[in-house]
Amino acid sequence: MTRTRVAILISGRGSNMAALIAAARAADYPAEIALVVSNVADAAGLQRAREAGIKTAVVDHKPFGKDRAAFEAALQSALDANGIALICLAGFMRLFTAAFVTRWHGRMLNIHPSLLQSFPGLDPHGQALRAGVKLSGATVHFVIPETDAGPIVAQGAIAVHDDDTAETLSGRVLAVEHRIYPLALALLAQGRVRIVGGRCLFDGATMPDAPLIAPQ
Ligand code: GRF
């Protein structure tokens, strides 16, 4: 089996990265985590990746100042040098130019800790709590120039508790993130995801019928 070569881009602790690395250890997983790139030299996730035996690279954005295209050129060289076919953003705190996003169209995923299209941007858990939604969750989506938007590949939901804080809610959502990201990447790497009219359709994926109802 040829496994699709994936780069994970991080800026921080890298728990989603770790979930992807763990999933890709399975012999039948269709993707290989070939590279972890961080724009932050001391990101905790980098150390975690090294300990897992994954190749890492740092492409610091600071020397490029406001020149996003130059930063992206450096990033692209690291991706090219490692034969990367797919990108997973996992807590990567930089915005891309439309040119970079277009170049990776249909080949770059992101994860966001809300049920998009609700609560994009910063503090999604605070937004969810203030809105009083009873279900929240996480979304894996293709990256388009607009932030936290793009065709949705996978979502997972949990109930919001009356006494949740942004912290407790984010903990339960994070556990969902760690399940749906490996799932979404596997579907994409297997070539089972088609983008049709801005929506993802799947070859041979099961959609459960059971509702998640809160409260009970
Ligand atoms: C996650 O909540 C992810 O959804 C968001 O940033 C956070 C990154 O966490 N985009 P980690 O670095 O994967 O632990």
Ranked highest first by average number of other Cβ atoms within 10 Å, how do 102-108, 69-75 line up? 69-75, 102-108
How much of THR147 can a 1.4 Å solvent probe reach, expressed as accessible area in Å² and rounded to 10? 80
What residues of the range 174-191 lie in the reach of a label at THR206, counting those whose backbone N is under 17 Å from a point 7 Å from the Cα along Cα→Cβ? 180, 183-184, 187
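Where the only charges are on Cβ atoms (+1 Lys, Arg; -1 Asp, Glu), what is the dipole of the range 96-193 about its Cα centre, to the nearest 20 debye?
Working: 7 positive and 8 negative charges, 99 e Å.
It comes to approximately 480 debye.
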Looking at the chain, do any whole DSSP H helices span at least 24 angstrom along their long axis by alpha carbon and average 0.5 or above on Kyte-Doolittle, and which? 166-189
Which ³J(HN,Hα) values in Hz, rounded to whole numbers, follow from the phi angles of the range 133-143 under the Karplus curve 6.51 cos²θ - 1.76 cosθ + 1.60, where θ = phi - 60° and Gly and Pro get x? 5, 9, 10, 9, x, 9, 9, 9, 9, 5, 8
Listed by chain and number, the aspartates and glutamates with an alpha carbon less than 12 angstrom from that of LYS55, same-chain partners under 8 positions apart left out, are GLU32
What does the extension gain come out to for ALA159 and GLN47, with contour length at 0.36 nm per residue minus their alpha carbon separation? 37.0 nm
Counting Lys and Arg as +1 and Asp and Glu as -1, each charge on the Cβ, what is the dipole of the chain about the Cα centre in debye, to the nearest 20? 480
Heavy-atom accessible area order for ASP209, ASP80, largest first, 1.4 Å probe: ASP209, ASP80
Cβ-derived FRET efficiency at R0 30 Å, LEU174 paired with THR97, nearest 0.05: 0.55
Return the calculated 222 nm mean residue ellipticity for the chain, to the nearest 500 deg cm²/dmol, obtained by summing -39500 (n - 2.57) across DSSP H runs with n ≥ 4 and dividing by the residue count. -10000 deg cm²/dmol
Run the dipole for the range 52-97 about the Cα centre, Lys and Arg Cβ at +1, Asp and Glu Cβ at -1, nothing else charged, and hand back the magnitude in debye, nearest 20. 140
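The values are calculated or read from the model by the stated rules, or taken from the named source; none is laboratory data. If you're wondering where the values come from, they're calculated on a predicted model, not measured in any experiment. Note that we place each Cβ from the backbone using ideal geometry, even for glycine, and neighbour counts take in every protein chain shown. For the accessible areas, the whole protein counts, side chains as well, though only heavy atoms, and no ligand, DNA or RNA atoms are used. Shrake-Rupley method; radii C 1.70, N 1.55, O 1.52, S 1.80 Å.
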